[in-house]
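The values are calculated or read from the model by the stated rules, or taken from the named source; none is laboratory data. Quick caveat: nothing in here was measured; it's all calculated off a predicted structure. Quick reminder, even Gly has a Cβ in these numbers, built from the backbone with ideal geometry, and neighbours come from all protein chains shown.
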Amino acid sequence: MTAAAMTERPAYAPPQQYRLTFVGELRSEWTKLWSLRSTWIVLLCAVVFSGGLGALISASVPDEAAVGGADAALSFAMAGVSLSSVFVAVLGILTITGEYTTGSIRSTLSAAPKRLGMLFSKALVFGAVVAVLFTAMVFATFFMSQALLSGTEIGGVSLGDEGVLRALFGYVGMIVYLALLAIAIGAILRNSAGSIGFYVGVIMILPQLATLLPWEWVSDVVPYAPGNVPNTIAVVDTSMGTLGLGESWLWMGIWLVVAYGLAGVLLKRRDV
Amino acid sequence: MNDRAAGRSVVGMIEIEHLTKRYGKKTAVDDLTFAVKPGVVTGFLGPNGAGKSTTMRAIVGLDAPTSGLARVNGKHYSEFRSPLTEVGALLEAKSVHAGRSAYKHLLALARTHGIPTKRVHEVIDLVGLHEVAGKRVGGFSLGMGQRLGIAVALLGDPAVLILDEPVNGLDPDGVKWIRLLLKGLASEGRTVFLSSHLMSELAQTAEHLIVIGQGKLLADTTVDDFVSGNGKARVRVVSPDAARLAEHLAGPGITIASPERGVLDVSGTEAAVVGQTAAAHGLVLHELRTDRGSLEDAFMQLTADAVEYRQTMEGAK
Ligand SMILES: Nc1ncnc2c1ncn2[C@@H]1O[C@H](COP(=O)(O)OP(=O)(O)OP(=O)(O)O)[C@@H](O)[C@H]1O
Ligand SMILES: [Mg+2]
């Protein structure tokens, strides 16, 4: 091919005004999240579950059992919130494994070939949605539960009491942490069933089962398991836990760095 | 290739250099080198499993080469500041979440680059999906999915289009439409690179051809040259002395195949030469004719040794 033949047709200039940006990726992930029916269904389940179970339990606590201070009050109120972290985690996993199982990841990563932006924008958007939703849920559930518990010994817990506000935000922090962990697991395993199985089995159940084992070192290690480290941040009286408040946050950070580090390296290295 | 020799890259040029891709032990693409130029439609031809899709995935950075390079405009795809306006790709199979609508799928991709919704509507209209844009993609037919894939590829109005079997699943109207569309896009100076395993399909759309088999380059030529070069002059001889005739005909540049006993297909020479050779050695001929051969024959001839999956009942060879 000669240079003359090469210039036979005018060169085409593509539009210049568009750029791939991280903000763009955030908006894209936002669009993707809300354009799936499963998002609405699962989040609705999470809301109904956390509010409903909190109300149900608070309403049915017999007076003689309603003792033990603020932590007892919160554990009744937040029973549903804790359990609905499973919904949130499953949804987090699906936001990424759904892309792999359907093949839409090819479109996504053709538009954003540096890849890491996809992972972090997914995590950021989902984390923010969960944070906002569960802040609302945690406080709504708290006030509802207190109303139902009024007249009992643990009915007079107020936001102003020491540690209560912090513990309530602790619940939000815990759920957001678990949601982010779930996304990283999904990014690492890329398979819906495998990731959900791993989350339920290894993150949720294994640490509980492990405490049944006879070896002492196991019970020393169990508080540091990824599913257990946020426990301290969601209690009013933090003196009981193995991990202190600061340690709890630190370990949540460590596990997220480990999970996202691994997810990021694999995302960069593997073929899509 | 003056421009490449000078180390410059032409706008829209796709360059594949010594590309090798292995999946475990399986070598999908084997030391492939070729370039795709702007302004023409280039067909990418090869039998099933030849490595076409793998090469295309390597160009858009989805699969990392085991060795070698796949570049566009002299850059690796991930270096582009706005990938969607540089390269638009339709990769094989649906690359869409089945639960999302066509519109939202396009919108989500557009948002990464700040492409306005107006453009999303434009491409939806362009590919004729207006009626179903709000429906979940899971219910789309193969052809509708393919149209959506083409809409995605066109979204950024890119300089380079990479389309993996775009005609797959389209009805005759759709096939005609995409042919015109692609020719039109190429005539605007864009690079259009499309794969197919049907020679006849490409012959009507493409000007240039890259043919591969088992991951290796078999031909890099214009369609015209390919047809006249490969589809030309195959001499069919029927003779009771076929074996002896074959011995006498054998020589450099001449290939002889025997599809059945007593029949020879000779290429690289002419009927007259075959007749003379037979006469010179006193061999009897029952039939002597020149087969022009179709494009499909030319392609099959070229890839005969490189076909990955063949039926157990083999055709002529
Ligand atoms: N992800 C993968 N893992 C393992 N092997 C793969 C992978 N992708 C492709 N291959 C193998 O590499 C070879 C080339 O495949 P490829 O899909 O590129 O062929 P193709 O030319 O697109 O074929 P077709 O015309 O059937 O689409 C095949 O043998 C295929 O099995
Ligand atoms: Mg293919």
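Worth pointing out:
- Out of A:Ser145, A:Ser150, A:Ser110, A:Ser158, one residue alone is out of contact with any helix residue (DSSP H, G or I) (no Cβ under 6 Å at 6 or more places or on another chain) and crowded, with 23+ Cβ neighbours inside 10 Å. It is A:Ser110.
- Checking B:Gly68 against (1) within 23 Å of B:Gly184 (Cβ to Cβ); (2) more than 16 Å from ligand 2 (Cβ to nearest atom); (3) not in a helix (DSSP H, G or I), the condition it does not meet: (1)
- A residue that is within 22 Å of the chain's Cα centre (by Cα) and not aromatic (Phe, Trp, Tyr) cannot be found anywhere in the range A:143-150.
- Residue in the range B:173-193 that is within 16 Å of ligand 1 (Cβ to nearest atom), closer than 14 Å to B:Ala89 by Cα, in contact with an Asp or Glu (Cβ under 9 Å, 6 or more places away or on another chain) and at pLDDT 90 or above present: no
- Test set (1) under 30 Å from A:Thr95 (Cα atoms); (2) more than 16 Å from ligand 1 (Cβ to nearest atom) - B:Ala58 fails condition number: (2)
- Condition check for A:Asp220: in a helix (DSSP H, G or I) and over 23 Å from the mean Cα position of the chain (by Cα): yes
- Among the residues of the range B:76-108, the one identified as more than 7 Å from chain A (Cβ to nearest Cβ), without any contact (Cβ under 8 Å) to a residue 12 or more places away in the chain and not in a loop (DSSP other than H, G, I, E, B) is B:Glu79.
- Among the helices (runs of 4 or more DSSP H) confined to the range A:64-174, the ones with at least 2 residues that are within 14 Å of another protein chain (Cβ to nearest Cβ) and not polar (S, T, N, Q) are located at A:85-102, A:104-111, A:116-149.
- Residues located in the range B:175-216, provided they are of a type outside the set (Val, Ile, Thr), surrounded by 20 or more Cβ atoms within 10 Å (Cβ to Cβ), more than 12 Å from chain A (Cβ to nearest Cβ) and away from ligand 2 (no atom under 16 Å from the Cβ): B:Leu182, B:Ala203, B:Ala206, B:Leu209
- B:Gly134 fulfils the conditions (1) under 20 Å from A:Trp34 (Cβ atoms); (2) part of a helix (DSSP H, G or I) except for a single criterion, (2).
- Here B:Leu245 fulfils each of the conditions (1) in contact (Cβ under 8 Å) with a residue 12 or more places away in the chain; (2) in a strand (DSSP E or B) apart from (2).
- Some residue of the range B:146-164 being within 16 Å of ligand 1 (Cβ to nearest atom), more than 21 Å from B:Glu15 (Cα to Cα) and part of a helix (DSSP H, G or I): yes
- Of residues in the range B:58-75 being aliphatic (A, V, I, L, M) and facing chain A (nearest Cβ under 9 Å), the one surrounded by the most Cβ atoms within 10 Å (Cβ to Cβ): B:Val60
- The range A:27-38, residues that are at pLDDT 95 or above and part of a helix (DSSP H, G or I): A:Arg27, A:Ser28, A:Glu29, A:Trp30, A:Thr31, A:Lys32, A:Leu33, A:Trp34
- Test: residue in the range B:194-203 that is more than 16 Å from ligand 1 (Cβ to nearest atom) and either more than 28 Å from A:Pro14 (Cβ to Cβ) or modelled with pLDDT under 95 (or both): yes
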